[in-house]
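One structure is given below, encoded as structure tokens.
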Amino acid sequence: MTGNEAIARGAWEAGVQFASAYPGTPSTEILENMSKYDEVFSEWAPNEKVALEAAIGASFAGGRAMASMKHVGLNVAADPLFTLSYVGVTGGLMVISADDPGLHSSQDEQDNRYYAKAAKIPMLEPSDSQECKDFVKAAFEISEKYDAPVLMRMTTRVCHSKSIVEMGDRVEVPFIPYEKKMKYDPIPAVSKILHRHVEERMTALEKFSNETELNRVEYHDKKIGIVTAGVSYQYAREVFGDNASYLKLGFTHPLPMDKIRAFAKEVETLYVIEELDPFMEEQIKAAGIECVGKEKLPLMYELNPDIVRKELLNEESETIEINPEEIAKRPPTLCAGCPHRGFLYQLSKEKRAIAVSDIGCYALSGMDPLNCKDIAICMGGGFSVAHGAQLMFDKAQTGKKCFGMMGDSTFFHSGMTSLLDAIYNNSNVVLTVMDNRITGMTGHQENPGTGYNIKGEPANATDIEAVVKALGCKHVKVVNPLKLDEVKEAIEWGINVEGPAVIITRWPCVLKKLSAEDKAEFGNYKATNVVDHEKCIGCKRCIKTGCPALAYDKKTKKVSIDKGQCVACDVCAQVCPKGAIGREEK
Ligand SMILES: Cc1ncc(C[n+]2csc(CCOP(=O)(O)OP(=O)(O)O)c2C)c(N)n1
Ligand code: SF4
Ligand code: SF4
């Protein structure tokens, strides 16, 4: 099982009743796997804050509950998390943060272990899939015993690596009957008392941390002792084998300082091996225990056995030489036939435009050949950042026009309030909702606009155009992004509108498994295009659309289309000055 599958399995076995999430790599498959278990209410939420809040409700009503998210998602959910730490739980509650050291698919590599410290809640860090499953069960017990939400901190390697897992049966945990309690209403006078409980809980949790087998000592050679957790334990084990002793931590907040001190006394040199920040090292040093960590190991990116070996043993692993010139550069790109391409292509031609992107597939447009996106910061920021920038551009009389760009999923996530900011403050921006009828970048999760839930059952579908109008936007246009003339006209229209204008591009993601409603509205992709080499003059204008199905042959000076990828979206055909691109005749 992958770590994510094991988390879902462990939660099912632990009698979880409710699981909510917003997708985000590397956490997405946790809920996708959870949804296969009929006993559990599994739901996609519009965003991580909502997911956690729904889980809090389920916990207060007496069921075991969980919310999972990627690391940046916990920033969104941080508000309820901190107060939840004071209020505590009824049914056990687990919050899963899947961090992404190495930024495989994220905009930053923040170290979310600090959330456990800042919110004063217990934290677990599994090292493999078996631990993922076992730690989930432990998490619910700890949560209920100590009246606290538990943070399960995962990383990409733990989420996605596979290892053997021993399965168990589901244990139905009876609902804890709801009783009205003072703690559920954390007004200041109540929270003052609750804060005292939090501090007392921390003392009790530290005692637990020192006693639990989740933090275990493995004595071998005692010249080197290693304190480690999560996937770093695997790397340390691979490099040092039995030539070192280990204090393998599974429960990493609060740290078992007595156990660490006792372990440190037994070994000659103490290393702390952890990815990203010196979370454990700083605390160990602050407790007066000598250790070596970030003096040698990097503060950035993922660790791996080679790095650990090189930095701590000064041994290089054998490598083969590769000539970088021989490796084709393959930056992430929009798929062939991506519905975002038409809009991005046209916007890239508009010299007055500053493209303020959100986080989604359209954010892949920053590099050549599209070279459209100028700015991006976080989910939901596409519209509000555009608004702030527009104010400055207008005041400085630059003549620039900000175009916010965000997808349907992002619009529901936090884009609606971002749009409201622009409407309320009568911004001069053009805001584009790039509605491809699915949450594309994370692998096609349903969202509140698609009309289906995580189990593929029909759900209420929210109409983006109606929402935009209901929020008070007076200028709204819906266009087919594959029709370049329509898009060009809409861009020009947006530039000339006084006040906020919204363009909605509506066409399904080319990889989407179309629903019956999609087929009725958009038809189905059935054709491919070809280039007539008699007509092609090798001007490469079509190549500027960035479609990976197009290839230019330097020898023949002609463009060809890869039939395996092309879906005949016709974007390239519309930019060809010679009409050389058309349907393949069958
Ligand atoms: C706060 C936060 N949560 C989740 C993610 C992960 N994420 C990146 S892109 C994306 C989906 C974007 O979907 P949509 O806006 O519909 O655009 P599409 O990819 O379909 O074009 C998600 C969920 C993130 N980057 N930040
Ligand atoms: S997954 Fe869909 S939205 Fe994303 S680049 Fe591919 S076609 Fe475009
Ligand atoms: S028609 Fe052109 S742009 Fe569209 S998928 Fe085919 S090659 Fe790509």
Review point. Check Phe41: other-chain or 5+ apart residues with amide H under 5 Å from its amide H, H built from backbone geometry?
Key: Phe18, Ala19
Review point. If you count, for each residue, the other Cβ atoms within 10 Å and average over each peptide, how do 65-71, 34-40, 530-536, 432-438 line up from highest to lowest?
Key: 65-71, 432-438, 34-40, 530-536
Check your understanding: Can you give the relative contact order of region 529-583 as a percent, counting alpha carbon pairs under 8 Å and 6+ residues apart?
Key -> 48 percent
Practice item. Could you order peptides 102-111, 405-414, 249-258, 326-335 by the average number of other Cβ atoms within 10 Å of their residues, highest first? Key: 405-414, 249-258, 102-111, 326-335
Check your understanding: What number, in percent, do you get for the relative contact order of the chain if the mean sequence gap of Cα pairs under 8 Å and at least 6 apart is divided by its residue count?
Key -> 10 percent
Revision key, fill the gap. Given backbone amide H placed at 1.01 Å from N, residues whose amide H is under 5 Å from that of Val476, ignoring those fewer than 5 places away on the same chain, are Val502
Point to revise | Tilt relative to the chain, helix 3-13 - C-alpha long axis, 0 to 90 degrees, to 10 | key: 60 degrees
Practice item. State the Cα centre-to-centre distance between region 331-388 and region 470-537 in whole Å. Key: 15 Å
Point to revise | Prolate/oblate/rounded label for the chain (Cα gyration tensor, a/c 1.5) | key: prolate
Practice item. With an 8 Å cut-off on Cα pairs and a minimum separation of 6 or more residues, tell me the relative contact order of region 113-174 in percent. Key: 40 percent
Point to revise | Local electrostatic count at Cys569 - Lys and Arg +1, Asp and Glu -1, tallied over other residues with Cβ under 13 Å | key: +3
Study note, to complete from the structure: Rounded to 0.05, the calculated FRET efficiency for the beta carbons of Asp258 and Asp185 at R₀ = 45 Å is 0.75
Review point. Over its Cα atoms, what ratio of radius of gyration to 2.2 N^0.38 Å does region 340-522 give?
Key: 0.97
Check your understanding: What is the ratio of the Cα radius of gyration of region 3-211 to 2.2 N^0.38 Å, where N is its residue count, to two decimals?
Key -> 0.94
Review point. In debye, nearest 20: dipole of the chain around its Cα centre with unit charges on the Cβ of K, R (+) and D, E (-)?
Key: 1920 debye
Check your understanding: Can you flag which of Lys373/Lys557; Lys183/Lys207; Lys181/Lys455 are past 31 Å Cα-Cα?
Key -> Lys181/Lys455
Review point. How about Lys49: which lysines have a C-alpha closer than 17 Å to its C-alpha, ignoring those fewer than 8 places off in the same chain?
Key: Lys70
Exercise for review: Report the extension gain between Gln565 and Lys296 in nm, rounded to one decimal, defined as 0.36 nm multiplied by the number of residues separating them, less their alpha carbon distance.
Suggested key: 92.2 nm
**Study point:** Relative packing of peptides 295-307, 138-150 - highest average C-beta neighbours within 10 Å first
**Key:** 138-150, 295-307
Review point. If R0 is 22 Å, what FRET efficiency do you get for Lys557 and Val530 from their C-beta distance, rounded to 0.05?
Key: 0.80
**Study point:** Within-13-Å neighbourhood charge of Ile375 [Cβ basis; K, R +1; D, E -1]
**Key:** 0
**Study point:** FRET E, pair Glu141, Asn496, Förster distance 60 Å, beta-carbon r, rounded to 0.05
**Key:** 0.45
Check your understanding: Can you list residues whose amide H is under 5 Å from Ala353's amide H, if they're 5+ apart or on another chain and H is modeled 1.01 Å from N?
Key -> Lys401
Check your understanding: For region 400-450 and region 1-45, what is the separation of their Cα centres, given in Å?
Key -> 27 Å
Exercise for review: Give the share of C-alpha pairs in each 5 angstrom bin for region 506-562, from 0 to the last occupied bin, in whole percents, shortest bins first.
Suggested key: 4, 16, 22, 16, 12, 12, 10, 6, 2, 0
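Throughout, read-outs are computed from the coordinates displayed, never taken from laboratory work. Computed from a prediction, not measured in an experiment: that's the story for all the values here. Ideal geometry is used to build each Cβ from the backbone, glycine not excepted, and the neighbour counts take in all protein chains shown.
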